[in-house]
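Trainee: Dumping the structure here so I can ask a few things about it.
Quick note: the coordinates plus some simple rules give every number you see, no bench work behind them. Not measured: the values here are computed from a predicted model. Glycine also receives a Cβ, built like all others from the backbone with ideal geometry; neighbour counts cover every protein chain displayed.
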């Protein structure tokens, strides 16, 4: 299976998981010249920018550890671009979450890191 298909399946799994937690989907795979945000969802009055990562083993720290400072900076820039083009959401509180999908040969499970990082 290629990386794009694995990533797409992980994003669908994360979306399903978050909807079951009460979040509402606003957008998926939002792209800009800075990068891409996998999911944009709303939790009550908070806009949530979500990065989805999947790893089959914990080598190098696992899925969540792969969202390093460089990736965080790209996500923040992409979120700012998205907000500048979606006026309806500009006054919402925002946060950045990470959904790490880990399997280790088991059934994959979602680990939700709420407010995983913040803009400088």
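Trainee: Would you mind computing, in nm to one decimal, how far apart the modelled labels at residue 36 and residue 114 are, each placed 7 Å from Cα along Cα→Cβ?
Mentor: If labels sit at residue 36 and residue 114, their model points lie 2.8 nm apart.
Trainee: If you stretched the chain out fully between residue 86 and residue 106, how much longer would it get, using 0.36 nm times the residue separation minus the C-alpha to C-alpha distance? Show your work: numbers first, answer last.
Mentor: Numbers: separation 20, 0.36 × 20 = 7.20 nm, distance 3.97 nm.
Net length gain for the segment: 3.2 nm.
Trainee: Mind pulling the angle between the C-alpha long axis of helix 69-84 and the longest principal axis of the chain? Nearest 10 degrees, somewhere in 0 to 90.
Mentor: 40
Trainee: Could you grab the relative contact order for the chain? Cα pairs under 8 Å, six or more apart, rounded to a whole percent. It would help to have the intermediate numbers written out before the result.
Mentor: On the way: 198 pairs, mean separation 28.9, N = 120.
The normalised contact order for the chain reaches 24 percent.
Trainee: Can you list, largest first and rounded to whole Å, the semi-axes you get for segment 3-117 by taking the square root of 5 times each eigenvalue of its Cα gyration tensor? The partial results should precede the final answer.
Mentor: Details: eigenvalues 110, 49, 29 Å².
Result for segment 3-117: semi-axes of 23, 16, 12 Å.
Trainee: In the chain, what percentage of the DSSP-assigned beta bridges are antiparallel, given to the nearest 5? Kindly include the intermediate steps, with their values, before the conclusion.
Mentor: Details: 17 of 27 bridges.
Rounded to the nearest five, the antiparallel share is 65 percent.
Trainee: Here's another thing I want to ask about it. Provide the packing ranking of 24-32, 42-50, i.e. peptides ordered by the mean count of other C-beta atoms within 10 Å per residue, highest first.
Mentor: Details: 24-32: 14.6, 42-50: 16.9.
Going by the mean number of other Cβ atoms within 10 Å, highest first, we get 42-50, 24-32.
Trainee: Which angle between 0 and 90 degrees, to the nearest 10, do you get for helix 3-20 versus the longest principal axis of the chain when only C-alpha atoms count?
Mentor: Its long axis makes an angle of about 70 degrees.
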